[in-house]
Amino acid sequence: MNLYRDLIIDLYKNSLNKRQIKNAEIKASGANVTCGDHLRIYLKLNKKGLAEDASFEGDGCAISIASASLLTEEVKGKTPAQVLKWGPKKINKLLGTELSPTRVKCGLLALETLQKGLCDNGYVKEKSTSGMPNSHLTPLPKWCYNSTKIR
């Protein structure tokens, strides 16, 4: 556990991608009111629809900042659809440890903020029009289906 704790502390002190992307297509803000963390996530997509650059700004505990640092690295080269499939297991894998129940919200803040930004900008999975369930698709939060645009 010390190795992972050291990684989290190092990323907190020396954050990756902690900056604004002025021409980002996706900008989203999120907060964890339980411990006062707040983040703004930026994502720039290239012409092929892949994440070209990602960054964040904000303040929070070591876990939320480390998670945002790792997430903004991991998302590069991925499609919005790939990112929308990620969940707690992905964050645990990036951090190299399973978060305790009291720290899950901290660890998921960056991912949930990015996913909300994608949904707010129309990147959602379409519901089945054939009447058959899309069982191969990872379920998304209810708020992600409330978007009016579909890309």
Of every Cα-Cα pair in region 25-93, the percentage lying beyond 20 Å is 28 percent
Set K18/K93; K78/K105; K47/K78; K18/K76, cut-off 19 Å on Cα-Cα distance; pairs above it are K18/K93; K78/K105
Packing-ranked peptide list from 41-54, 111-124, 8-21, highest mean Cβ count within 10 angstrom first, is 111-124, 41-54, 8-21
Taking Cα pairs closer than 8 Å and at least 6 residues apart, the relative contact order of region 1-103 in percent is 27 percent
Most packed first (mean Cβ within 10 Å per residue), the peptides 85-97, 59-71 order as 59-71, 85-97
Between the modelled labels at S100 and T34 (7 Å from Cα along Cα→Cβ) the distance in nm is 1.2 nm
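The numbers here are math on the coordinates, done by the rules we state, and not lab data. Computed from a prediction, not measured in an experiment: that's the story for all the values here. A quick note on method: Cβ atoms are made from the backbone with ideal geometry, for glycine too, and the neighbour counts reach across all protein chains shown.
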